[in-house]
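Working notes, structure below.
The values are calculated or read from the model by the stated rules, or taken from the named source; none is laboratory data. On a predicted model such as this, the values are computed, not experimentally measured, just so you know. Note that each Cβ is placed from the backbone with ideal geometry, even for glycine, and that neighbours are counted across all protein chains shown. The area values use the complete protein model at the heavy-atom level, side chains included, leaving out ligands, DNA and RNA. Shrake-Rupley method; radii C 1.70, N 1.55, O 1.52, S 1.80 Å.
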Amino acid sequence: MVRFETINHGLCWRVLLCAALLPLVAACTLGRDRDTLEQPLQPVAGSPIHRFTAEIINRYPHDPRAFTQGLLVHEGQLHESTGGEGRSDIRKVDLTTGHVLARARFDSREFGEGLAVWQDELVALTWTSGVARRWRLSDLTPTGVFRYQGEGWGLTSDGVNLIQSDGSATLYFRDPETFAVRRSITVTLAGRPLERLNELEFINGLVWANVWMSRDIALINPADGRVVAMLDLTQLVQEVGQRDLDAVANGIAWDADARRLFVTGKLWPTLFEIGLPPLQP
């Protein structure tokens, strides 16, 4: 059954309140496995949305205890943020071995979330604390905090803004110096709002977003919020074989220098390098 005390994000409570999702709750309580819950999203028939299947290029070890919330590569170095009450941290990780090279911890009352780089700092969200913590990139020394309203889920940067998700269909474009919202967009899949946007990455002019409790990554036009393609991670999910309902696909890292793309999930033992879909601009 779903462990509501540890499952990521407040949507679990909305599930209990939303009649439209009562069948999902029933499925959980009856003990049905994750395959009934975590399925590829299906665009409306006839919609001009590309669907790609992830091509596995390589596999690397990943800490199976890491509740991955944010993932990024900066100048060849892998960084990760993890969640969990009393155990949230940010890490520098050896990509080849999965070993943690350095780490800094959140306050014990905070649930760590998405992670981004801005200039010489790492910025990491918290789920419900309204605090984004900042650390010096070089040695993970704390440098300050931003404060914001609402939940924090995913975070990335397009080089001008910090882009944040909060579990809804909205993406917020924030000033990296003040964290004030400059603008927001509603993400739509075939004209319908696409909710549960989670971990984010900015790749070749598009915002990539894990969709919580699905096997898909949505590729989003940041100008108008349209989903232009979906990347299906079913093969990866099946290979990992996690039966824990919390262990969803989450974590996208783009190494812009080497043009390498990595994905993983919460509590996954594997970090996958996958091919970049042949999407034409």
Determine whether HIS74 is at pLDDT 95 or above, surrounded by 13 or more Cβ atoms within 10 Å (Cβ to Cβ), touching a strand residue (DSSP E or B) at 6+ places or on another chain (Cβ under 9 Å) and more than 20 Å from LEU233 (Cβ to Cβ).
-> yes
Pairs under 8 Å by beta carbon, first residue in contact (Cβ under 8 Å) with a residue 40 or more places away in the chain and at positive phi in the range 78-105, partner charged (D, E, K, R) and open to solvent by less than 60 Å² (accessible area, probe 1.4 Å), six or more apart or different chains?
-> GLY98/ASP63
Kindly indicate whether any position in the range 52-62 is part of a loop (DSSP other than H, G, I, E, B) and surrounded by 17 or more Cβ atoms within 10 Å (Cβ to Cβ).
-> yes
For strands (runs of 3 or more DSSP E) lying entirely in the range 103-218, having 1 or more residues that are surrounded by 22 or more Cβ atoms within 10 Å (Cβ to Cβ) and not basic (Lys, Arg) picks out 112-118, 121-126, 131-136, 155-157, 162-165, 170-174, 197-203, 206-211
So, first residue in a loop (DSSP other than H, G, I, E, B) in the range 236-262, second residue aromatic (Phe, Trp, Tyr), Cβ within less than 9 Å, six or more apart or across chains; the pairs are GLN242/TRP268; ASP246/PHE67; ALA247/PHE67; ALA247/TRP268; VAL248/TRP212
Among the residues of the range 222-269, count how many are among the polar types (S, T, N, Q) and over 17 Å from the mean Cα position of the chain (by Cα).
-> 3
Which residues, counting only those in the range 219-235, are part of a strand (DSSP E or B) and farther than 16 Å from ASP158 by Cα?
-> ARG226, VAL227, VAL228, ALA229, MET230, LEU231, ASP232
Selection within the range 224-281 - polar (S, T, N, Q) and within 16 Å of PHE52 (Cα to Cα) = THR234, GLN235, GLN280
Can you name the number of the only condition in (1) modelled with pLDDT of 95 or more; (2) within 23 Å of THR126 (Cα to Cα) that ALA229 fails?
-> (2)
Can you give me the number of residues within the range 75-102 that are assigned to a strand (DSSP E or B) and either over 15 Å from LEU115 (Cα atoms) or touching a Leu at 6+ places or on another chain (Cβ under 7 Å) (or both)?
-> 10
